[in-house]
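The values are calculated or read from the model by the stated rules, or taken from the named source; none is laboratory data. What you see is a predicted model, and the numbers here were worked out from it, not measured in a lab. Using ideal geometry, Cβ is built from the backbone for each residue, glycine included, and neighbour counts are taken over all protein chains shown.
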């Protein structure tokens, strides 16, 4: 982790996350009825709720279309949930204009090729430890945690701690 990375965290006001490979380890269980089952890390969820309580804006941009995914993130307090997205840049543009954010104020975490163009546009591109090589090349920070294994909490906790907001609100 570079000093440049830590300095960049001071300015973060918003987070955007991909889902599969970031909140999950990328494993999808397929059922005969066509439903998918994903596993998420409960500690990532705690950190998301804590960031929302501390007035950070959080967005989800995913190519997946699962209503179970939408419900999970709504329960965590996220209102900007873009599912079934084929053009992540378009969703990113909508998100950052909606809140009047500068790209430098946004941290994005992605793990695979569909995330690449958004990662090139944000101030703080990050990825899980098990992201594909092309993503690692543009990331300013590579978490030591893999997708679904705490990488989301890792970046959220670092930003909140640096900004003095990690243990600052009512639990």
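Quick notes
- Among the residues of the range 15-36, not a single one is without any contact (Cβ under 8 Å) to a residue 60 or more places away in the chain and assigned to a helix (DSSP H, G or I).
- Of the residues making up the range 37-53, those that are surrounded by 15 or more Cβ atoms within 10 Å (Cβ to Cβ) and without any contact (Cβ under 8 Å) to a residue 60 or more places away in the chain are 38, 45, 49, 52.
- Lone unmet requirement of (1) under 17 Å from residue 141 (Cβ atoms); (2) over 15 Å from the mean Cα position of the chain (by Cα); (3) surrounded by fewer than 18 Cβ atoms within 10 Å (Cβ to Cβ) for residue 8: (3)
- When each of 130, 112, 80, 94 is tested for being closer than 29 Å to residue 34 by Cβ and out of contact with any helix residue (DSSP H, G or I) (no Cβ under 7 Å at 6 or more places or on another chain), the lone residue that passes is 130.
- For the range 82-94, the count of residues that are within 17 Å of residue 13 (Cβ to Cβ), at pLDDT 95 or above, more than 15 Å from the chain's Cα centre (by Cα) and not in a loop (DSSP other than H, G, I, E, B) is at least one.
- Residue check, residue 99 touching a helix residue (DSSP H, G or I) at 6+ places or on another chain (Cβ under 7 Å) and within 26 Å of residue 55 (Cβ to Cβ): no
- Screening residue 30 with (1) at positive phi; (2) in contact with a strand residue (DSSP E or B) (Cβ under 8 Å, 6 or more places away or on another chain) gives one miss only, at (1).
- Flag for residue 63 being over 17 Å from residue 126 (Cβ atoms), part of a loop (DSSP other than H, G, I, E, B) and in contact with a helix residue (DSSP H, G or I) (Cβ under 9 Å, 6 or more places away or on another chain): yes
- Set 75, 70: member being free of Cβ contacts under 8 Å to residues at least 40 places away in the same chain and in contact with a helix residue (DSSP H, G or I) (Cβ under 9 Å, 6 or more places away or on another chain): 75
- Residues within the range 148-171 that are over 22 Å from residue 10 (Cα atoms) and touching a strand residue (DSSP E or B) at 6+ places or on another chain (Cβ under 9 Å), tallied: 0
- Looking only at the range 113-141, and only at residues there that are in a loop (DSSP other than H, G, I, E, B) and touching a strand residue (DSSP E or B) at 6+ places or on another chain (Cβ under 9 Å), the one that is farthest from residue 94 (Cα to Cα): 129
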